[in-house]
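One structure below.
The values are calculated or read from the model by the stated rules, or taken from the named source; none is laboratory data. It should be emphasised that the depicted structure is a prediction, and the values quoted were computed from it without experimental measurement. Here Cβ is always computed from backbone atoms with ideal geometry, including for glycine, and neighbour counts include all displayed protein chains. Please note that ligands, DNA and RNA were not included when accessible areas were found on the heavy atoms of the full protein model with its side chains. Shrake-Rupley method; radii C 1.70, N 1.55, O 1.52, S 1.80 Å.
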Amino acid sequence: MRTRTTRLTTAAAAAALLGLAACSNGADSGDVSLSIVQSGDGQQGGALQHMADLYEEETGVQIDVVEVPNADLRTRLRNSAQAEDLPAMAFSPNIDPVWTDQMLDLTEISESAGFYPELNLEDPNDGLIKSLPSTLTAVGMFVNVDLWEEAGVEFPTTLEEEWSWDEFVDAATEVVDSTDAEFGLVMDSSAHRLRAFLHQFGSKSVWLEDGEAVTSPETATALEYFYDMHDSGFMPRSVWTAGDDPSATFKSGRVAAYYSGSWQIADFEETVTEFEWMSVPMPQQPVRATNYGQASAFVAFDGTGVEEETLDFAEWFYSAENYEIYCEMSRCLPPMEGLDIDYGDNAYAFEIYNGEIAASSGLFELQHIKHMRSNYLGTAVDSEPLQDETVRYLNDEITLDEAIENILTVTTETREG
Amino acid sequence: MVTDVTNRPRSGSASAKAAPPRRVISRWLTFRRSVLPTATLWVLVTLMGFPLLWFLLSSVKHPGELFSFPLTFFPREWSLDGYQRAWERLDFVQYFTNTLIVASVTTFLTVFLCAAAGYALAKYKNPWLAVFGLCILTMTMLPGEIMLNPMFVVVRDLGMYNSLWGVIMPSIVTPTGVFMFRQFFVSVPDELIDAARIDGARELSIFFRIMIPLAKPILLTLAVISFQWRWNDYIFPLIILSDPDRFTLQIALRTLIGAENIDWSILLAASVISMIPLVVIYLVFQRYITSSNLSAGLKD
């Protein structure tokens, strides 16, 4: 019996080792193969894979789409750089000093693609454009149409119809009072969303002047308004102060409106089936504004041995004809004007987003460009004092004045001018 | 209430007087000693099983139902759409194979090397062995995160980056396993080894033919624990493996969690699928797994 067990164990180990040997590291042979690392949801991942298949059909060059967990993409690229095993390309959430000196120059592709001017992010060290926006992401608002219709309350559906935050709160409160809705609004717990909210109150959020963080009085007005919406129960306190999932809260069908962003459209198309939802213009008090930026940065790496093929793919991918296909499939906003993208039934929603983006340019530069520049200079930090201190304010740990003072102090200490 | 135990001496005969007193267990005692604990345990089982059942049932709900209010325990509309999409999105066969290779090979080598090291530490007398044992003991006190970077550098410099060997090699010798075996072998009488030596057995024979069979319970315990550790390992495969063809299951599952939103329908289904092999292993080896869990609290 013992002998039989020993034999079985040995055979199993041998089989495993053989399998292991088959899976061990080895150089690719034959045709050219390029790998691109990204972290996309089903829609984006599927769209990129589709583009890879198209490219292989046209050119014979194989593109391997490598999905990496979003939270660990940064770690992954860092380790790859340290192991001198960087992929040919990546859609990275940020630029990392560990590999900035291995990025290929993409200036020509950037110029031919025709991105919004503010998205042409140059490396401050050498003036070259080494990263391209993957897609555009913008803050926006959704409503639960069933609840609003049940309450008999109207809402704007085009950019021509404007509403203020006061009008929105009154209308949504009426919806809550007339239906079994529990909240008037839910907002993602994110500084990105909060900046858009501040912009709509006329604030430019927080910016640096001579190395010191400053803000305008409208910031206090907006934050106080935000506090009141939580204090009155119009917004659920659990999302901002306890990390509750805002998307799930909205999907429960008991919230009149959801302050989130364009990335939700693809998900809602698949997962919201219990009620009708709609993308609507955001309130303005009195400023029409959104906050937008590149979803991630397309970067290509030097030293992979396939640099030329990589640049060829990047040029092909960012051509209008191909990028339109990518946007249609991934349901995302393009980072350049003039594309003819068929979004199907939700085309109106993307028109609203594009309109809000067009009305907001200029604000973007204050927030996003400086952040990306910090990435290149290696001075970017992960902390979001605007969000952190707002949560403390909502929790009544500090007063409004203390919150603003802390935001400015921490921003001055951590941000590069 | 007083416990109702009564002595009932039979009247009349002498034999009746000699019979020992008979204990009659009342219904209340039965209830208190048997029914109540059993019922309590069933309540606890239900409480523990409820989230699992909710998880399983949620995986067959339509995506639109997952967050709808009021929440329902059973699906209004049964759907295997999540499973279908999860299967299409992830190459489960590849990830299962990779994970199985890593977990099996690591477990096999871990058990063998830990047994050998534990035996040497317990039965051989050498001052350096004591120092070596102290070093191993010190390792158990270090958080894994501290060793992550040096291990990555070693694996990279040995040319094992992006290979399954790179994941396996650093995980083989666990200080916990060495100490489990050391503590066991210390309890084995030295006379047994001396007797074997007098009978002409060589050192390797003593180890393989006497000590290893004796250590079977500890061997199986470590095997089960090691397999679970490696099956669920995430961080090390993440930093070592870059080729998706070599990804393990845990890395693949994490790719389903996006930056801004999560497709819960796919994630739930994929999580259920990923559990199946371990559940099968549990059903086959549940006796050993139960005993290994008595050693709960061990450190990877």
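Annotation: amide H-H contacts under 5 Å for residue A:136 (H modelled 1.01 Å from N, sequence separation of 5 or more, or interchain): A:295, A:333.
What net charge is computed for the residues neighbouring residue A:259, neighbours being all others with C-beta under 10 Å from the C-beta of residue A:259, Lys and Arg scored +1, Asp and Glu -1? Don't skip to the end; give the middle numbers.
Details: positive: A:193; negative: A:188.
For residues surrounding residue A:259, the net value is 0.
Give me the percent of the accessible area of chain A that comes from carbon and sulfur atoms, probe 1.4 Å, all protein chains in place.
On the way: 7690 of 17280 Å².
The computed percentage sits at 44.
Residues in the range A:181-186 carry Karplus couplings, in order, of 5, 9, 10, x, 8, 10 Hz; the curve used is 6.51 cos²θ - 1.76 cosθ + 1.60 with θ = phi - 60°, and Gly or Pro positions show x.
Annotation: amide H-H contacts under 5 Å for residue A:123 (H modelled 1.01 Å from N, sequence separation of 5 or more, or interchain): A:128, A:129, A:130. Among the trypsin sites (Lys or Arg not before Pro) in the range B:133-223, those placed in a DSSP loop whose Cβ has at most 11 other Cβ atoms within 10 Å are B:202. For the range A:120-208, GluC sites (Glu not before Pro) are listed when DSSP marks them as loop and at most 10 other Cβ atoms sit within 10 Å of their Cβ; the list is A:160.
Given R₀ = 25 Å, what would the calculated FRET efficiency be for residue B:141 paired with residue A:98, taking r from the Cβ atoms and rounding to 0.05? Efficiency for this residue pair is about 0.25. In the range B:249-286, the residues that give up 30 Å² or more of accessible area when the other protein chains are added, compared with the chain on its own (1.4 Å probe), are B:254, B:255, B:259, B:260, B:261.
With equal scatterers on the alpha carbons only and no solvent term, can you work out the Debye log10 of I(q)/I(0) for the range B:89-292 at 0.11, 0.19 1/Å? With no solvent term, the Cα-only Debye profile gives -0.62, -1.34.
Here's how it looks for residue A:187: its modeled amide H is under 5 Å from those of A:259, which are all 5 or more places away or on a different chain.
The residues of the range B:89-292 expose, per residue, 47 Å² of accessible area to a 1.4 Å probe.
In the range A:65-80, the residues whose accessible area drops by at least 30 square angstrom when the other protein chains are added to the isolated chain are A:66, A:67, A:69, A:70, A:72, A:76, A:79; the probe is 1.4 Å and only protein heavy atoms count. Build a GNM of chain B with springs between Cα atoms under 10 Å apart, and of B:86, B:122, B:196 the one that fluctuates most is B:196. Just in the range A:185-292: which GluC sites (Glu not before Pro) are loop by DSSP and have at most 13 other Cβ atoms within 10 Å? Those satisfying the criteria are A:276.
For the range B:261-276, backbone phi angles converted through the Karplus equation (6.51, -1.76, 1.60; θ = phi - 60°) give residue-by-residue couplings of 9, 10, 7, 4, 4, 5, 4, 5, 5, 4, 5, 5, 4, 5, 7, 4 Hz, Gly and Pro being listed as x.
If the only charges are +1 at each Lys and Arg Cβ and -1 at each Asp and Glu Cβ, what is the size of the charge dipole of chain B around the Cα centre, to the nearest 20 debye?
Details: 25 positive and 19 negative charges, 401 e Å.
The dipole magnitude comes to about 1920 debye.
What you get for the range A:127-279, charging only the Cβ of Lys and Arg (+1) and of Asp and Glu (-1), is a dipole of about 840 debye around the Cα centre.
Using a Gaussian network model on chain A with a 10 Å cutoff between Cα atoms, which of A:198, A:339, A:394 fluctuates the most? The residue that fluctuates most here is A:339. Lys/Arg Cβ at +1, Asp/Glu Cβ at -1, dipole of the protein assembly as shown taken about the Cα centre: which of B:173, B:189, B:59 is farthest positive-ward? Farthest towards the positive pole: B:189. Roughly what would the spin-label model give for residue A:149 and residue A:50, points 7 Å off Cα along C-beta, in nm? Distance between the two pseudo-spin positions: 2.9 nm. Given a 1.4 Å probe, show me the residues in the range B:52-94 buried by at least 50 Å² of accessible surface when comparing the whole protein assembly to the chain alone. SASA drop of 50 Å² or more in the range B:52-94: B:64, B:67, B:69, B:89.
Just to confirm my numbers, what's the Cα centroid distance between the range B:62-134 and the range A:212-241 in Å? Going from one Cα centre to the other spans 44 Å. Axis of helix A:191-200 versus longest Cα principal axis of chain A: the two differ by about 40°, to the nearest ten degrees. For chain A, the residue among A:68, A:252, A:148 whose Cα projects farthest onto the positive side of the dipole built from Cβ charges is A:68. Listed values for the range B:64-78 are Karplus-derived 3J(HN,Hα) couplings in whole Hz (6.51 cos²θ - 1.76 cosθ + 1.60, θ = phi - 60°), namely x, 8, 4, 10, 5, 10, x, 5, 10, 6, 8, x, 6, 10, 6, and x replaces Gly and Pro. With the charge dipole of the protein assembly as shown set up from +1 on Lys and Arg Cβ and -1 on Asp and Glu Cβ about the Cα centre, the Cα lying farthest toward the positive end among the listed residues B:127, A:191, B:285 is that of B:127. At R0 = 51 Å, how high is the FRET efficiency between residue A:174 and residue B:234 if r is their beta carbon distance? Nearest 0.05 is fine. Efficiency, rounded to the nearest 0.05: 0.60. Just the number, please: carbon plus sulfur as a percent of the accessible area of the range B:89-292, 1.4 Å probe, no ligands or DNA/RNA counted. C and S fraction of accessible area: 68 percent. Highest GNM mean-square fluctuation among A:294, A:200, A:82, for chain A modelled with Cα contacts below 10 Å: A:82.
Between B and A, buried accessible area summed over both sides at probe 1.4 Å, in Å² to the nearest 100? Don't skip to the end; give the middle numbers.
Values: alone 18970 and 19060 Å², together 34540 Å².
Answer for the B-A pair: about 3500 Å² buried.
With contacts taken as Cα pairs under 8 Å and at least 6 residues apart, chain A reaches a relative contact order of 25 percent.
Contact order, relative form, for chain B: 25 percent (alpha carbon pairs under 8 Å, 6 or more residues apart, mean separation divided by residue count). Placing a pseudo-label 7 Å from each Cα along the Cα-to-Cβ vector at residue A:105 and residue A:182 gives an inter-label distance of 5.7 nm.
In vacuum, with every alpha carbon of the protein assembly as shown counted as one equal point scatterer, what does the Debye formula give for log10 I(q)/I(0) at q = 0.05, 0.08, 0.10 Å⁻¹? Two decimals, please. With one equal scatterer per Cα and no solvent, log10 I(q)/I(0) is -0.35, -0.80, -1.11.
At 222 nm, what helix-only mean residue ellipticity would chain A give, in deg cm²/dmol to the nearest 500, using -39500 (n - 2.57) for each DSSP H run of four or more?
Numbers: 17 runs with 192 residues, N = 417.
Here the helix-only value at 222 nm equals -14000 deg cm²/dmol.
Which FRET efficiency value, to the nearest 0.05, do you get for residue A:162 and residue B:57 by plugging their Cβ-Cβ distance into 1/(1 + (r/R0)^6) with R0 = 51 Å? Using R0 = 51 Å, I get an efficiency of 0.65.
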